[in-house]
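Written below as structure tokens is the structure these notes are about.
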Amino acid sequence: MKNILRHLSLTTRLSIAFSMICCIVFFAIGLLSYHNMQHLLAKQRDQNLTARVERIEIFLQDQESFQILVQHPRLYENMLGKEDNLLILKNQQQALIEINPLKVHIPAMAESKTITFLDNQSEFSTTRLAYKTVVFNHQHYQLIAGTQLDEAQSTLDQYLWKLILYSVLGIVMASLLGRWMGLYLLKSLNNLIEQTHKIQGTQPHQRIEAKSNTVEVEQLRSAMNAMLEKIQINYDQLARFSEDIAHELRTPLNNLMGQTQIMLMQSRSQQELEQLLYSHLEEYERLSKMIDNMLFIARSEHSDYIIDKENIDLSNLILELVHYFEFLAEDKKMTFVLALEKGIQIYANADLLKRALSNLLINAIDYGFENQDIVISTKSTGDYVDIAVLTKNIFIDKQHLNHLFERFYQIDSSRHAKAKTGGLGLSIVKSIMMLHNGEVNAYNSHQGIVFSLKIQYLT
């Protein structure tokens, strides 16, 4: 059943579902109507029997009428007008009136001062009986009236067939209307499917243009356009990444090939060969570092990548890094200026956080001017702490700020300078912040470019 439904269109499924609902509704209404009609006919039958018993009881109140009725029972039989009706009047000795043309079996009946109803048999009954004990001339008489059940059953059968016919017609009409309504309501969805099929992978800028009057379909169109926009952004990033990584790998490989070809043009001394090997080793180390960084970024983008976290004193961690990089800053006559809040405890992975801050400090030293300060500050806000690294008098155009944390993105298009992080330093910082559910941002202040890290802390 599931396999069959899987190959049906949504319109067909809706039509089938609507038809099934109509079947259930019509069946329930028909069943209730049938039971209601059955109850109504039974009530009407009992009322007729009650009226018949009361009418005979009135005759019994008059002595003369009673004698005539006893002497000429055929008179009442003619009054009944139907051969299947029944009337019996009897006392303890004999039956005074017995109109029972169909010879219906009469069960034993106890005395009853009120009109009582029963069937002539407990199973497969054919006659409905009503009886009452009446007193006339100080004698007890049992008055019994009856009518056949066939007439009511015949009426019920006719009513049932009409119910079935009307229900079938109603289900067919409702199913056809449901099919038509499904086609009408899903017309915009089918148009959306057709437009989606027309979108080719070679044209990533294509969007679904046709709008729909149906709210849900319009929401789906907007969501699909938003998805296409994200796919285009990722596609552009992937294309740019492929181009960048090809360029980054080509540079060291060209260096290795060029140096080797030059050395092979003529005989070289041992010292020259050793220098070549040392130069090759530098390029190998650069390639190895680049590959390691790319693997780290790839792993960090997986949602199931888990890191160990611990409570860390932020001031001590920054001071440790500053002492380590002081000698590099001194080479460029640069000075670290610290503005740290004390007592801040953050919940993070110490090694990864050191790596992120190290990349920011290396950038500040590499691209900062001589005799300028590098300001490192911390400030707690709410449940987070902001770590800011300011490189004075260095400003970056606004058009580059949103791309600084992309892989291999460089402001200098010449790419001649060799980055110590293989062109992935800021991308690694962004990945580390994502693993900590934090944020990384870059903006220009009036003093210079600021790289800010936002990470959760504990007080």
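The values are calculated or read from the model by the stated rules, or taken from the named source; none is laboratory data. Note that the coordinates shown come from a computational prediction; the quantities given were computed from them, not determined experimentally. Keep in mind that these areas ignore ligands, DNA and RNA; they rest on the heavy atoms of the full protein, side chains included. Shrake-Rupley method; radii C 1.70, N 1.55, O 1.52, S 1.80 Å.
At-a-glance table
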quantity	calculated
Region 340-390 - accessible surface per residue (Å², probe 1.4 Å)	44
Projected area, mean over directions - region 260-363, Cα convex hull, nm²	10.6
Set Lys289/Lys379; Lys398/Lys430; Lys289/Lys333; Lys342/Lys379; Lys309/Lys392; Lys354/Lys398 screened for pairs whose C-alpha atoms are more than 21 Å apart	Lys289/Lys379; Lys289/Lys333; Lys309/Lys392; Lys354/Lys398
Sequence of Ile199, Ile16, Ile306, Ile344 when ordered by accessible area, the most exposed leading, probe 1.4 angstrom	Ile306, Ile16, Ile199, Ile344
Surface share of carbon and sulfur [accessible, 1.4 angstrom probe, percent] for region 272-372	52
Percent of Cα-Cα distances greater than 18 Å, calculated over region 99-239	76
Where region 18-59 is the region considered: accessible area per residue in Å², 1.4 Å probe	67
